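The structure appears right after this line, and notes come after that.
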Amino acid sequence: MLGSSLWGRPSPALSGERRGAGGLELFLLLVLSGWVWAQQPQLQILPCPALCVCSETARTVKCVNNNLTEVPSELPPSVEGLFLTHNCIRNLSSASFLSASLSELTILDLRGNQLSWVGTETFAGLPHLKQLDLSDSSLTWLSPMALGNASSPLEELDLSSSLYNNSFVPLVAELLQAGTLLNLKRLDLSDNNLIYLPARMFSTLPSLEHLDMRNNSLVSLRNVFFGSLQQLHSFNLSSNSFKTLRNDTLQQLQGLPLLSLNLSSNPWVCDCHIEDLVKWLKESKQVEAKGSLKCSYPRELQERSLVSINVSELDCSLLIDDQTPLQTSYVFLGIVLALIGAIFLLVLYLNRKGIKKWMYNIRDACRDHMEGYHYRYEINTDPRLTSQNSNSDV
């Protein structure tokens, strides 16, 4: 019995020691787990802003269609995606994103806010920002230093339908030329009604891979420098107003080895000035669906594919017939204006007596007014007349 009690089961003292050791290990494990959890960034450190939806797992804050007039001041510092779409935020400054530490923010979506003013270093305090969407705005000021004066990590910039009008394209050009967007890979400038591009607008974008310029009113790419865009994969120029492309532009595009070019839905004028483009299209493999590019003018070549046209068919004299209706319209307009002028002169002539009497009446009225003014002036300046008037008043 004694041996059984000694060897059959552990002694009470030994069992107590093991239970104490197990409890200590559990306590240390809980303490270590709490310390590790405390070191991890928590999305709930600050409450979710009013009218917004926050996701801890996705680390996003969405404030959509809430009529916000400014960026919420209290944002979770570990947020990676901030969506403030379709609100009423008009102005952004360097203080807009300084109220909370947004060191982890990589996506900032501000589309549909009708932004009009973006100041200096507005986004400089976002060191990991990679995607910025300012589309559907009405920008009248976009500071060249909006991203700061150092190299930005930004990879995607959406400025589609963002300019108040096409005269503000120099603002965008200055931002792109500031030398801070060396990592930019995707740029969207579609739907801005642009009619021209500044000469070296894309000269400091060595990493650019996708450039979207569709749905503008571009008529030429003359003097625009593309030589630095050696990484450019896609260039969308569809739905513009190109009638032809000059040989110097074609040579630059040919020097981009990775390029895929979209030229669809442009009003190509098939005369002698498009000869270089036709030859280039037949030899190039850079143009998407080049068989769909068709002539808009002249009438003899309408709906003909550019690649199916022989150079011998391209003749500038073919446009003479198309210009005749326009010239006729100008002549008709001149005749109408001359007729209106003649009627106006005739009316003046027929009413010359009435006009002369009216002018005399105006002259007499002005003379009477000036005489009365001169009379009052003499009375006020003559002390004798002034004293007589005073006595008569008494």
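The values are calculated or read from the model by the stated rules, or taken from the named source; none is laboratory data. Remember, it's a predicted structure, so these values are computed and weren't measured experimentally. Cβ atoms come from the backbone with ideal geometry, glycine included; neighbour counts cover every protein chain shown. Remember, those area values only see protein heavy atoms, side chains included, never the ligands or the DNA or RNA. Shrake-Rupley method; radii C 1.70, N 1.55, O 1.52, S 1.80 Å.
Output the number of residues of region 77-90 satisfying the condition of being over 12 Å from Lys62 (Cα atoms) and either among the aliphatic types (A, V, I, L, M) or surrounded by 15 or more Cβ atoms within 10 Å (Cβ to Cβ) (or both).
As a first pass, look at region 77-90 and keep what is over 12 Å from Lys62 (Cα atoms): 77-78, 88-90.
Next, only the ones that are either among the aliphatic types (A, V, I, L, M) or surrounded by 15 or more Cβ atoms within 10 Å (Cβ to Cβ) (or both) stay: 77-78, 89.
Counting residues in region 77-90 that are over 12 Å from Lys62 (Cα atoms) and either among the aliphatic types (A, V, I, L, M) or surrounded by 15 or more Cβ atoms within 10 Å (Cβ to Cβ) (or both) gives 3.
In this structure, is Arg111 over 29 Å from Glu209 (Cβ atoms), out of contact with any Pro (no Cβ under 9 Å at 6 or more places or on another chain) and of a type in the set (D, E, K, R)?
Values: over 29 Å from Glu209 (Cβ atoms): no; out of contact with any Pro (no Cβ under 9 Å at 6 or more places or on another chain): yes; of a type in the set (D, E, K, R): yes.
When the stated conditions are applied, Arg111 does not pass them.
Taking region 194-223 as the search range and keeping residues that are under 21 Å from Gln254 (Cβ atoms), within 19 Å of the chain's Cα centre (by Cα) and among the aliphatic types (A, V, I, L, M), which one is modelled with the lowest pLDDT?
Only one residue tops the list, namely Ala199.
Do you know which residues across region 100-131 are within 17 Å of Glu70 (Cα to Cα) and not in a loop (DSSP other than H, G, I, E, B)?
Result: Leu108, Asp109, Trp117, Val118.
What pairs come out if I take residues in region 308-336 that are at pLDDT below 70 and pair them with residues that are open to solvent by 70 Å² or more (accessible area, probe 1.4 Å) whose C-beta lies under 9 Å away, six or more apart or interchain?
Here the result reads Leu318/Tyr297; Leu318/Arg299; Leu318/Glu300; Leu319/Tyr297; Asp321/Arg299; Asp321/Glu300; Asp322/Tyr297; Asp322/Arg299, each pair linking region 308-336 to a residue that is open to solvent by 70 Å² or more (accessible area, probe 1.4 Å).
Go over the candidates Gly148, Gly119, Gly179, Gly125 one by one and state the one that is more than 26 Å from Val219 (Cα to Cα), in contact (Cβ under 8 Å) with a residue 12 or more places away in the chain and under 15 Å from the mean Cα position of the chain (by Cα). Even if it seems obvious, please write down each step before you answer.
Details: Gly148 fails: under 15 Å from the mean Cα position of the chain (by Cα); Gly179 fails: under 15 Å from the mean Cα position of the chain (by Cα); Gly125 fails: under 15 Å from the mean Cα position of the chain (by Cα).
Just a single option satisfies the conditions, and that option is Gly119.
Residue check, Leu197 against (1) among the aliphatic types (A, V, I, L, M); (2) touching an Asp or Glu at 6+ places or on another chain (Cβ under 8 Å); (3) closer than 18 Å to Leu159 by Cα, all met but one. Which one?
(2)
If you scan region 270-302, which residues turn out to be touching a Leu at 6+ places or on another chain (Cβ under 8 Å) and either within 16 Å of Leu218 (Cβ to Cβ) or of a type in the set (A, V, I, L, M, F, W, C) (or both)?
Of everything in region 270-302, those that are touching a Leu at 6+ places or on another chain (Cβ under 8 Å) and either within 16 Å of Leu218 (Cβ to Cβ) or of a type in the set (A, V, I, L, M, F, W, C) (or both) turn out to be Cys270, Cys272, Ile274, Leu277, Val278, Trp280, Leu281, Val287, Leu293, Cys295, Leu301.
Just for region 224-247: of the residues that are at pLDDT 95 or above and not in a loop (DSSP other than H, G, I, E, B), which one is nearest to Ser190 (Cα to Cα)?
Across region 224-247, the extreme among qualifying residues is Asn236.
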